[in-house]
Amino acid sequence: MMYSTLRSNLSLISKANFQQSVKHAHHACKVLIIGGGTGGCTMAAKLSKKFQNAPDHVIVIEPQDIHYYQPLFTLVGGGIKSLKSSKKHMKDVLPQKAQWLKDSVTKFKPDENIVMTSNGDTVEYQQMIVAMGLELFWEQIPGLVDGLKNPKAQVCSIYGSDTVSGVFEKIKLTKEGTAIFTFPNSCVKCPGAPQKIAYLSEDYWRRKKLRDNINIVYNTSLPVLFGVKKYADALWEVCNSRNIKVNCRTNLIEIRSDEREAVFQNLDKPEIKHTIEYSFLHVTPPMGPPKVLQQHKIITNEAGFLDVNPKTLQHNKYNNIYGIGDCTSTPNSKTMAAIASQSKVLYKNLMDNCAGKEIKMAYNGYASCPLVTAPGKCILAEFDYNLQPCETFPVNQGKEMYFTYFLKKHFFPLLYWNFMLKGNWSGPEMLRKIFSIIKKKDAEVVKN
Ligand SMILES: Cc1cc2nc3c(=O)[nH]c(=O)nc-3n(C[C@H](O)[C@H](O)[C@H](O)COP(=O)(O)OP(=O)(O)OC[C@H]3O[C@@H](n4cnc5c(N)ncnc54)[C@H](O)[C@@H]3O)c2cc1C
C-alpha cells in the first residue's frame, strides 16, 4: 500500500502536462474524466476551477498529444482553413489545475469505483465522467483503408485527423466523371458534415468551370437529407438548384480502388446492390462508441453507448457516473454545440449530487449544425430533442447567409479555444433569451 501511494505521489506531483512514466501505479481522485476531447476538456476546466486548491481532485485520462477542433475539418477539406489552425497540444488545452494521465482506459470496474489503464495503473474515483467520443471504424468498409492509402485511388475523408489534409488535393485533381459523397449506416458525429463537403466541392468545381463535366452524387443511408424538416427543405433546394443527385437509403459497402469502383446497397431492398465508377469518392466512415466502452456492457446500453439519463446525463445505474458528448446514449445530434449545453447541466448535477442534493437540471437535446453550402454561405441549424428549430438569432437561420458563415469560419473557433475549453461557454441559451425579449418588444412596438 505504502509503495503504491509513493508511486501515485510520484506521478501526481506534476502539472497537467505530466507524461506517465511509472507503471502499475494507483491514483485516487474526486472526479475522474475519461477523454480529453471536447467534452472531457470542457468539464476538466469547469471542475478544476471549482477545486483549485486541491489539484489532484480532477484527473483526466487521455492518450493523445494533440487536441483537434474537429468542426474545422470541413473547412480544411474544402481548402478554406489549414489543418494547423484546427489543432493544439493537449498540454496547452487541458487545465493546469487538473492532472493529466497520458494513458488509455482498458477496464471499467464501476462496482469498485475503479478504472484500469493500458499501463496497468488503477485509478480510483468518487465521481466519474465518461467523454470518450466516437471511434471511426474505417476497416468496416472493405477496400476503404487501401483506397485512402493509395494516392491514385481518389478516395478521401474529412473525418480523420490523418486523412483530412488530403481531401482538397483530391478535389483539385478531379476534372470530370462522377464524384460521390457518402453517409454511412451508423451514427455520425456532425451528421451535416458529409453533405457540407459535397457543397464546398461542388462550388469549387463550378468556380473552376468544371461543373458540367462532373456528376455529383450524395449517397446517404438515412431516409432523409437532414433530420429537421425546416433545414431539410432548405437543403433539398440547395441540392436541386445545384444539380446534386441525392440517393437516400443507399449505403457504401465496398470500394475497389484499383478500378475506381464503389459498391452500394439499397437498405430497403438489401438484395439490390449496384456498382458505380467514380472519379472522386469522399467517404464518411462508419462510427460508434469506442470498442473498450462497448466491451463493458455493465455501463452501456444495447448499442454500446454509455447508458445515461437523457436529461440529467447521470448514469442510469451508477449514480456517481456521468457522460458527456458523442459516447453517450442521449439521442441528440452528436456535435460540439450539444456538448456546450450539456456541460452546464452536467456541472450543476454533479455538484448537487456531491452535496447530497436532488439533481434536477435537464438537458433539452440542444444541438447545432452550421451547414456551410459554399464559401460565404451557411444555414445555421439549431434544434432540440423534438427536432424542433431552436434558433438563437432574430433572423431566419434556414436561409443561406454570410453572417452565419462568418460565425462558423471565424467566431466559433475563437469561442472554442478561448471560452469553451476554459470552462466559460455553456451554449447560446442566454443569448437566445435576450434576442427573444428584444424580438417581443419590437413586435409590441409595431403592434402599438
Ligand atoms: C468533420 C467533422 C465536422 C464537425 N463539424 C461540427 C460542427 O460544425 N459543429 C459542431 O458542433 N460539431 C461538429 N463536429 C462534431 C464535434 O467535433 C464532436 O461532436 C465533438 O468533438 C465530440 O466531443 P467528445 O468529447 O464527445 O469526443 P472527442 O472530442 O472525439 O474526444 C474523445 C476523446 O476521448 C479519448 N479517448 C478515446 N478512448 C479513450 C480511452 N480508452 N481512454 C482515454 N481516453 C480515450 C480520445 O483520444 C479523444 O481525445 C464535427 C466533427 C467532425 C469529425
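Derivation of every value follows stated rules applied to the coordinates shown; laboratory data play no part. Note that the coordinates shown come from a computational prediction; the quantities given were computed from them, not determined experimentally. Positions of Cβ are generated from backbone atoms using ideal geometry, with glycine treated the same way; all protein chains shown enter the neighbour counts.
Here are some notes:
- Neighbourhood net charge (14 Å Cβ-Cβ; Lys/Arg +1, Asp/Glu -1) for Glu62: -1
- Region 272-426 - Rg and Dmax from Cα coordinates, angstrom: 18.5, 62
- Å³ per residue enclosed by the Cα convex hull of region 336-396: 92
- Alpha-carbon gyration tensor eigenvalues x 5, square-rooted, for region 194-338, Å: 36, 20, 14
- Cβ crowding within 10 Å averaged over residues, with 371-382, 37-48 ranked highest first: 37-48, 371-382
- Other residues within the sphere of radius under 10 Å centred on the Cβ of Glu254, judged by their own Cβ, net out at +1 (K and R +1, D and E -1).
- Other residues with beta-carbon under 11 Å from the beta-carbon of Asn349 carry, at +1 per Lys or Arg and -1 per Asp or Glu, a net charge of +3.
- Computed from the Cβ-Cβ distance with R0 of 22 Å, the FRET efficiency linking Phe411 to Asp92 stands at 0.55.
- Interchain or long-range residues, amide H under 5 Å from Glu254's placed H: Val263
- Length added when fully stretched, Ala232-Ile66, from 0.36 nm per residue minus Cα-Cα: 56.3 nm
- Convex hull volume of the chain per residue (C-alpha atoms, cubic angstrom): 155
- Measuring r between the beta carbons of Asp258 and Arg206 and using R0 = 25 Å, the FRET efficiency lands at 0.25.
- Net length available on complete extension from Asn301 to Glu176 is 40.4 nm, with 0.36 nm assigned per residue and the Cα-Cα distance removed.
- Taking all Cα-Cα distances within region 54-196, those exceeding 22 Å account for 53%.
- Per-residue ellipticity at 222 nm, computed for the chain from helices alone with -39500 (n - 2.57) per DSSP H run of at least four residues, works out to -8500 deg cm²/dmol.
- Residues Glu277 and Arg242, FRET efficiency given R0 of 30 Å [Cβ-Cβ distance, rounded to 0.05]: 0.85
- Fraction of beta bridges assigned by DSSP in region 235-392 that are antiparallel (%, nearest 5): 95
- Dimensions of region 391-448 along the principal axes, based on C-alpha atoms and rounded to the nearest Å, stand at 45, 26, 13, largest first.
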